[in-house]
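Inspection log for the structure reproduced underneath, given as structure tokens.
Every read-out reported here was derived from the displayed coordinates using simple, explicitly stated rules and does not represent laboratory data. Remember, predicted model here, so these are calculated numbers, not experimental data. In this analysis, Cβ positions are derived from the backbone assuming ideal geometry, glycine residues included, and neighbour counts consider all displayed protein chains.
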Amino acid sequence: EAQVTQNPRYLITVTGKKLTVTCSQNMNHEYMSWYRQDPGLGLRQIYYSMNVEVTDKGDVPEGYKVSRKEKRNFPLILESPSPNQTSLYFCASSLRGTGRVLGYTFGSGTRLTVV
Amino acid sequence: KNEVEQSPQNLTAQEGEFITINCSYSVGISALHWLQQHPGGGIVSLFMLSSGKKKHGRLIATINIQEKHSSLHITASHPRDSAVYICAVCDMDSNYQLIWGAGTKLIIKP
């Protein structure tokens, strides 16, 4: 089944303790992206990747790192999480067309709480 | 002013009603997406449009490029259609980036 797998679904952690949220897709998609969703603010892009070893900042990259060593994986790393990073996180992937992204497949989301 | 505006923000309707959700945008786009987010949080891509109209089951999406406007219609609405519907546009100038609307929360009552 074609899908984007995100883990974990739920995570409660303490301030400053490094964590990684994993994202893996099995559709050979070039484009992958991380979003956070907060009440009243909608989806905001954190980082995206056009292809292996190509990553770029989105709208809210501060406090996050990503890597794209393989096409299928795009982990989100919080080196020193803070309470303002408490949010619902989504990973998404897509094929790239000419000048646009061709439809999105989203992961199930990760609800992160930093205390 | 937001580059992508959705209306209404909230919509409550009775089962069976015809539903329309609107999306207006101010940038040049290469495509427009409609997505659905269920109460559990999962997001599903419904349509990607660059012109005209698409239909999938009871869902219909239209786009008017000249007027920079798109609509999502739901015919014979059902309580399971209750969700947040999100419009996002692919900005021509920003190389695959999506600009997101704030979403429309739809509740269909039995």
Fraction of beta bridges assigned by DSSP in the protein assembly as shown that are antiparallel (%, nearest 5): 90
Label-point separation in nm, residue A:71 to residue B:3, each point 7 Å along Cα→Cβ: 2.9
Backbone N under 11 Å from the residue B:75 label point (7 Å along Cα→Cβ), restricted to the range B:32-64: B:55-60
Using Cα positions and a limit of under 27 Å, work out the lysines in reach of residue A:69, with same-chain residues fewer than 8 apart set aside. A:17, A:18, A:57
Subtract the Cα-Cα distance of residue A:84 and residue A:12 from 0.36 nm times their separation in residues, and report this length gain in nm to one decimal. 24.6 nm
Charges at C-beta only: +1 for Lys and Arg, -1 for Asp and Glu. How large is the resulting dipole of chain A about its Cα centre, in Debye rounded to 20? 120
Expressed as a whole percent, how much of the Cα-Cα distance distribution for chain B exceeds 18 Å? 45
Note down the magnitude of the dipole of the range B:1-77 about its Cα centre, charges +1 on Lys and Arg C-beta and -1 on Asp and Glu C-beta and zero elsewhere, to the nearest 20 debye. 240
At q = 0.14, 0.18 Å⁻¹, what log₁₀ I(q)/I(0) does a Debye calculation on the Cα points of the protein assembly as shown give, no solvent, two decimals? -0.88, -1.34
Percent relative contact order of chain B, based on C-alpha pairs within less than 8 angstrom and at least six residues apart? 37
A student asked for the Cα radius of gyration and Dmax of chain A in angstrom ought to give 13.4, 43
Relative contact order of chain A, pairs being alpha-carbon contacts under 8 Å that are 6 or more residues apart, as %: 35
Got a sec to turn the phi values of the range A:77-84 into Karplus ³J(HN,Hα) couplings, 6.51 cos²θ - 1.76 cosθ + 1.60 with θ = phi - 60°, whole Hz, x for Gly and Pro? 10, 10, 5, 9, x, 10, x, 6
Given the pairs B:53/B:109; A:65/B:55; A:71/B:109, which span a C-alpha to C-alpha distance of over 32 angstrom in this model? A:65/B:55; A:71/B:109
Compute the FRET efficiency between residue B:12 and residue B:50 as 1/(1 + (r/R0)^6), taking r as their Cβ-Cβ distance and R0 = 41 Å, and round to the nearest 0.05. 0.85
